[in-house]
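Structure record follows, encoded as structure tokens.
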Amino acid sequence: MTFKSHMNLALEQARAAGARGEVPVGAVIVAPDGQVVAQAGNRTRELNDPTAHAEILAIRAACAKAGSERLAGYALYVTLEPCAMCAAAIAAARIARLYYGASDPKSGGVAQGARVFTHSQAHHVPEVYDGIGEAEAGALLKAFFAGKRGGG
């Protein structure tokens with residue numbers, strides 16, 4: 001089987017989130033058969049919900065579609081390194097593979113900060129691949145926050 005990245009779809013979701021005034025993060029979940037089953041962008045401001053991160057929304061949609069709280073064999077593509085909350089949800093859902101773009105030195109929970117998957121209480125550890133679409137994901141975030149600060 002040939003590897004096919006779905007980061008382009010996650011980047012589309014991130015751009016849409018940014019256009020809505022949300023932090024531009026997008027996520028896509030792919031079933032074991034290669035079918036895209038869920039796509040989401042951040043909606044924390046829109047929904048007044050601090051848990052409405054792209055990953056959480058995509059996991060909820062994929063689980064509903066699968067009819068299960070577990071997504072064994074599924075892959076998650078996300079434009080930014082998941083925070084500790086999202087990393088814990090990824091582990092709880094038993095997602096097999098995590099692909100992310102930009103690292104997050106401030107709030108990351110995978111390679112930075114909490115490093116959720118290295119903790120002894122992590123019930124499941126996905127395969128992790130970082131740096132997929134990193135340049136574009138990072139540029140989206142930099143432009144978004146520069147705009148918030150009034151810079152260019």
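The values are calculated or read from the model by the stated rules, or taken from the named source; none is laboratory data. As the structure is a prediction and not an experimental result, all values here were calculated from the model. For neighbour counting, all protein chains shown are included, and Cβ atoms are generated from backbone atoms with ideal geometry for every residue, glycine included. Each accessible area value is taken on the protein alone, full model and side chains, heavy atoms only, with ligands, DNA and RNA left out. Shrake-Rupley method; radii C 1.70, N 1.55, O 1.52, S 1.80 Å.
Things to note:
- Percent antiparallel among DSSP beta bridges (both partners in the stretch 13-152, rounded to 5): 50 percent
- Qualifying lysines (Cα of each under 17 Å from Cα of LYS142; at least 8 residues distant if same chain): LYS106
- Among 111-122, 89-100, the peptide with the highest mean count of other Cβ atoms within 10 Å heads the list, and the full ranking is 89-100, 111-122.
- Paramagnetic reach from ARG94 in the stretch 27-71 [backbone N under 14 Å; point 7 Å along Cα→Cβ]: 32, 63, 66-71
- Per residue, in Å², the accessible surface of the chain once ligands and nucleic acids are set aside, probe 1.4 Å: 50 Å²
- Average Cα contact separation per residue, the chain, under 8 Å, 6 or more apart, as relative contact order %: 19 percent
- Taking the alpha carbon gyration tensor of the chain, multiplying each eigenvalue by 5 and rooting it gives semi-axes of 23, 17, 15 Å, largest first.
- Percent accessible area from carbon and sulfur atoms, the stretch 1-130, protein chains only, probe 1.4 Å: 51 percent
- Inter-part distance where the stretch 48-79 and the stretch 94-152 are each reduced to a Cα centre, Å: 16 Å
- Potential lengthening between ALA64 and VAL36 on full extension [0.36 nm per residue; Cα-Cα distance subtracted]: 8.7 nm
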